[in-house]
Amino acid sequence: MAGPEEEVIVDKVPFKEGIFRADRADADTGNGTLLGNKCASCGRIYFPPADFCFDCFGQAMAEAPLSQRGKLYSYTLCHMPASRFKPPFFVGLVDMPEGVRVFAPLKAAAGRPFHIGMDMEVKIEELWQEKDQQVIGYVFEPVK
Amino acid sequence: MFSSPLNNQEGRIFMREVAVIGVGQSVFGKFPGRTAASLGGEAVAAALKDCGMHPKDIQVAYAARAYDANCTAQAVLKEVGVTAFEMINVENACAGGATAFRGVWKEIACGRYDIGIAIGVESMTTSPIAGKLIPPEKDDLDGYLGMTMPAMFGMVARRQMEEYGATAEDFALVSVKNHHHGCLNPQAQYRKEFTVEEILQSRMISEPITLLMCCPNTDGAAAAILCSMEVARKYTTQPIKVIGSALLTGDYKYLQKDICASPVGVKAAQMAYEMAGCAPKDIDLVEMHDAFANEEILRYEDLALCAPGEGLDLLRSGATAIGGRIPVNPSGGLLALGHPLSASGVRTVCEVVLHLRGQAGARQTPNAKVGLAQMLGGLVTGLEHGVTAGIHILAR
């Protein structure tokens, strides 16, 4: 029960349901997982999850969590506002070992400037605030 | 050499030879006080005057517009006294104009009509996206996460630098070239020379893409009048033949391993060359989608103007400048002439027609016999970027 001395807890809401999860046991690290899916017939993996396999038209799809790490395929520093982000902000494409390429905001790390091919790690964190809600999503950060 | 294959059987449909006989362009620039109908009407009137045709002779119209009202063809044509026939409106992002042109070509090639008009029009300053980047669709995952056209081309540029050794100076060079071309075109939105240094020093948009490497927001329209070859001879001694037409949609994004490549652009080019019965070496000039300066270098390779991986060398050699072996965007391109989205696919055809007639003034490609007009556009989450390619090859 929230006592009167406690601050109002801001709700955390995902920017989109069902495509990622945060590691609750390890909340401080921001670690988490992107939730793809896999065609039971041909094995192709999709992120975001596909309703059916676009390759073989298989209808049976199984959950397929992606690896936490991938390699930076490309990146840019945006100087124009987009979505709810205030410039400048980094975005990039990360190639995951499962064969999918993920677009996401990138989190800069001191002393580790972005370069193509660098190892990146998925993090779950606040993207922006909306009303009294904290909107969370996935970003990638250079591996320490 | 370039006798049209349209006289042959294509599939089971007998195709007639089709010619472009009239072209017209409105002023290009920022005109918040003018409607799309008024800009379109200006382009149509210019095209009619170009071939000395009475407005009532037109039998069918296709109009392309991305933003934002219904019945564009009807609204435009009422401005020039034309009503009461079949009018079709299309949207296909930046390839909308090419789609409209192809629509009219098909109608005439198949024998349904003898005379038709393709119109492309956009009033960006009065559209809901005035002054903004083109927004993502609602519920677009990547759009929520900050994806924009400049961001995409910034990432493409980084790959070009990594894989091919391109530099920001190379990208600037495309913009220098096309702005120089624009200075030679009285109808260009921007008629100003820039140095590589000035392009690089302009405001950063999405690294390494600067403001002067991006096409501007433009209001404007273009129109082209097509007809069967028999009818063409009643109006002109200089009909320009449509010898190749291809319009194609790309595939799922996961199949696009290399974001610098345009699988749909490559395939559409092959289809157009095959239909035209000519090879890339036969092309005398190209008008293409240079919405971002770095994009033009990639598209050289899609169109096989050079071998794969040699786009940079082609640019640096000067071959794609006016006076070079294969001038690309002698009009000034989207970068300098301007880019009213749906108008550009018709406007590129108009420019090629002027060169094939020998009427392109200071920017004329000497003795041009065959020209190619390409458009590529559309950002759809889940599909390859630049999801629609439209290509036309014309010959005198």
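The values are calculated or read from the model by the stated rules, or taken from the named source; none is laboratory data. In this text, all values refer to a predicted model and were calculated from it rather than measured experimentally. Glycine gets a Cβ as well: all are built from the backbone with ideal geometry, and neighbour counts include every protein chain shown. Keep in mind that these areas ignore ligands, DNA and RNA; they rest on the heavy atoms of the full protein, side chains included. Shrake-Rupley method; radii C 1.70, N 1.55, O 1.52, S 1.80 Å.
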Order B:241-251, B:272-282 from most to least packed using the mean count of other Cβ atoms within 10 Å.
B:241-251, B:272-282
Nearest 10 degrees is fine. How inclined is helix B:96-109 to the longest principal axis of chain B, computing both from alpha carbons?
30 degrees
Listed by chain and number, the lysines with an alpha carbon less than 26 angstrom from that of B:LYS106, same-chain partners under 8 positions apart left out, are B:LYS49, B:LYS56, B:LYS78, B:LYS234, B:LYS241, B:LYS267, B:LYS369
For A:ASP11 and B:ARG112, extending 7 Å from Cα along the Cα-Cβ vector and measuring point to point gives, in nm, a value of 5.2 nm
For the stretch B:298-311, Karplus couplings with θ = phi - 60° (6.51, -1.76, 1.60), whole Hz, Gly/Pro x
5, 5, 3, 6, 4, 7, 6, 6, 8, 6, x, x, 10, x
To the nearest 0.05, how large is the calculated FRET efficiency for B:ARG191 and B:LYS257 if R₀ is 35 Å and r is the Cβ-Cβ distance?
0.30
Burial-style ranking of B:114-127, B:37-50, average other-beta-carbon count within 10 Å with highest first, yields B:114-127, B:37-50
Determine the shielding of peptide B:149-161 by partner chains: average, over its residues, the number of Cβ atoms on other chains within 10 angstrom of each Cβ.
5
Per the Kirkwood formula over distinct C-alpha pairs, the hydrodynamic radius of chain B in angstrom is 20.6 Å
What percent of all Cα-Cα pairs in the stretch A:28-142 falls into each 5 Å bin, going from 0 up to the bin containing the maximum distance?
2, 11, 19, 19, 18, 14, 9, 5, 2, 0
Would you grab the residues whose amide H sits under 5 Å from the one on A:VAL143? Only those 5+ places off in sequence or on another chain, please, with H modelled 1.01 Å from N.
A:ASP119, A:MET120, A:GLU121
Number of partner chain Cβ atoms within 10 Å, mean per residue of B:218-231:
0
I want to check the label-to-label distance for A:GLN134 and B:LYS49. Put each point 7 Å from Cα in the C-beta direction and report it in nm to one decimal.
6.5 nm
From the C-alpha gyration tensor of the protein assembly as shown, pull out the three semi-axes of the equivalent ellipsoid (sqrt of 5λ each), sorted largest to smallest, in whole Å.
44, 24, 23
Taking protein heavy atoms only, a 1.4 Å probe, and rounding to whole percent, the accessible area of the stretch B:190-293 owed to carbon and sulfur comes out at 55 percent
For B:GLY81, the net charge from surrounding residues (Cβ-Cβ under 13 Å; K, R +1; D, E -1) works out to 0
Roughly what % antiparallel, to the nearest 5, for the DSSP beta bridges in the stretch A:4-144?
90 percent
Relative to the compact-globule scaling 2.2 N^0.38 Å, provide the ratio for the alpha-carbon radius of gyration of the stretch B:265-369.
1.01
Applying a 10 Å radius around every beta-carbon, put B:286-298, B:182-194 in order of their mean neighbour count, most first.
B:286-298, B:182-194
Net charge, A:VAL139 excluded, C-beta distance under 11 Å - Lys, Arg +1, Asp, Glu -1:
-2
Taking every residue in A:66-77, how many Cβ atoms of other protein chains lie within 10 Å of its Cβ, on average?
4
In the neighborhood of B:GLY332, defined by Cβ-to-Cβ distances under 14 Å, what is the net charge if each Lys or Arg adds +1 and each Asp or Glu adds -1?
0
Reduced to Cα centres, the span from the stretch B:106-135 to the stretch A:95-129 in Å works out to 40 Å
